[in-house]
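Peer 1: Dropping a structure here in structure tokens format, bear with me for questions.
What follows is calculated from the coordinates using simple rules that are stated; it is not laboratory data. Just so you know, these numbers come straight off a predicted model, no measurement behind them. As a convention, Cβ positions derive from the backbone with ideal geometry for all residues, glycine included, and neighbour counts pool all protein chains shown.
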Amino acid sequence: MKVSLLTVGHKQPAWVSSACDEYLKRLPREWQARLVEIKPEKRDGGRTAAQVQAIEAERISQAVAPQTAIVVLDERGKPFTSHDLANWLAKTEQEGVDLAFVIGGADGLDPAIKQRAKLMLALSPMTLPHGMARVMLAEQLYRAWSINAGHPYHRD
């Protein structure tokens with residue numbers, strides 16, 4: 001199973017990159033975990049949020065293989081516990097499905113990306129800063145893997 005974190009945004013503080021990299025490198029090689037930064041579209045020239053979202057949606061679509069399942073991060077998505085995520089990932093891994101977790105840009109995600117999603121996942125009911133969402137997602141993926149692997153990282 002390939003696991004990608006697609007994030008619309010760049011130029012994160014060093015601590016974000018360091019923390020995200022640390023959790024991704026802890027994941028098993030079989031997951032082929034990687035971070036893909038999608039260039040955010042500038043909101044200038046009178047472009048609306050919907051126009052910016054559409055341009056970013058095209059960039060996201062180009063970065064995701066057609067057979068890859070999309071998981072959209074959204075505060076209105078389904079709230080999972082760490083065990084819920086671990087169970088969902090184990091089931092998805094058994095199905096042989098590659099995953100792309102998508103964190104939108106400042107204007108959010110285009111409805112077409114949300115409609116294509118296998119799952120809309122909430123890390124929190126609160127809106128999180130982009131960098132914090134990256135780190136939390138990477139950590140939760142590692143935590144979910146550790147639960148499934150019986151690794152002592154997660155303690156109930």
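Peer 1: For the stretch 24-32, does any single residue satisfy the condition of being assigned to a strand (DSSP E or B) and either under 15 Å from I103 (Cα atoms) or in contact with a helix residue (DSSP H, G or I) (Cβ under 6 Å, 6 or more places away or on another chain) (or both)?
Peer 2: Step one: list which residues in the stretch 24-32 are assigned to a strand (DSSP E or B), which gives none.
No: the stretch 24-32 contains no residue that is assigned to a strand (DSSP E or B) and either under 15 Å from I103 (Cα atoms) or in contact with a helix residue (DSSP H, G or I) (Cβ under 6 Å, 6 or more places away or on another chain) (or both).
Peer 1: Please work out which one of (1) within 19 Å of E95 (Cα to Cα); (2) within 15 Å of the chain's Cα centre (by Cα) is the condition R34 fails and give its number.
Peer 2: (1)
Peer 1: Is it the case that some residue within the stretch 72-84 is of a type in the set (F, W, Y), more than 22 Å from K11 (Cα to Cα) and in contact with a helix residue (DSSP H, G or I) (Cβ under 8 Å, 6 or more places away or on another chain)?
Peer 2: Yes: the stretch 72-84 contains one or more residues that are of a type in the set (F, W, Y), more than 22 Å from K11 (Cα to Cα) and in contact with a helix residue (DSSP H, G or I) (Cβ under 8 Å, 6 or more places away or on another chain).
Peer 1: Something else now. Hey, could you check the stretch 3-23 for residues that are among the hydrophobic types (A, V, I, L, M, F, W, C) and not in a helix (DSSP H, G or I) and say which is nearest to V97 (Cα to Cα)?
Peer 2: Checking each candidate, the answer is V3.
Peer 1: Hey, another quick one. So which residues in the stretch 1-38 are farther than 14 Å from A63 by Cα and among the basic types (K, R)?
Peer 2: If the condition is that a residue be farther than 14 Å from A63 by Cα and among the basic types (K, R), then K11, K25, R26, R29 are the ones that fit.
Peer 1: Which condition number in (1) without any contact (Cβ under 8 Å) to a residue 40 or more places away in the chain; (2) assigned to a helix (DSSP H, G or I) is the one that Q67 fails?
Peer 2: Q67 satisfies every listed condition except (2).
Peer 1: So which residues in the stretch 126-156 are in contact with a Lys or Arg (Cβ under 8 Å, 6 or more places away or on another chain) and free of Cβ contacts under 8 Å to residues at least 60 places away in the same chain?
Peer 2: Selection gives Y153 alone.
Peer 1: Something else now. Restricting attention to the stretch 89-131, which residues are more than 21 Å from Q53 (Cα to Cα), of a type in the set (S, T, N, Q) and part of a loop (DSSP other than H, G, I, E, B)?
Peer 2: If the condition is that a residue be more than 21 Å from Q53 (Cα to Cα), of a type in the set (S, T, N, Q) and part of a loop (DSSP other than H, G, I, E, B), then S124 is the only one that fits.
Peer 1: Working only within the stretch 59-95, note down all residues that are among the charged types (D, E, K, R), closer than 17 Å to I38 by Cβ and over 13 Å from the mean Cα position of the chain (by Cα). Please lay out each step first, then the result.
Peer 2: Here is the first cut: in the stretch 59-95, the ones among the charged types (D, E, K, R) are 59, 74-76, 78, 84, 91, 93, 95.
From what is left, the residues that are closer than 17 Å to I38 by Cβ are 59, 74.
Listed by number, the list holds a single entry, R59.
Peer 1: With the structure loaded, tell me whether V102 is touching a residue at least 12 places away in the same chain (Cβ under 8 Å) and either in contact with an Asp or Glu (Cβ under 7 Å, 6 or more places away or on another chain) or over 27 Å from P40 (Cβ atoms) (or both) or whether it fails that test.
Peer 2: Here the answer is no, as V102 does not meet what is asked.
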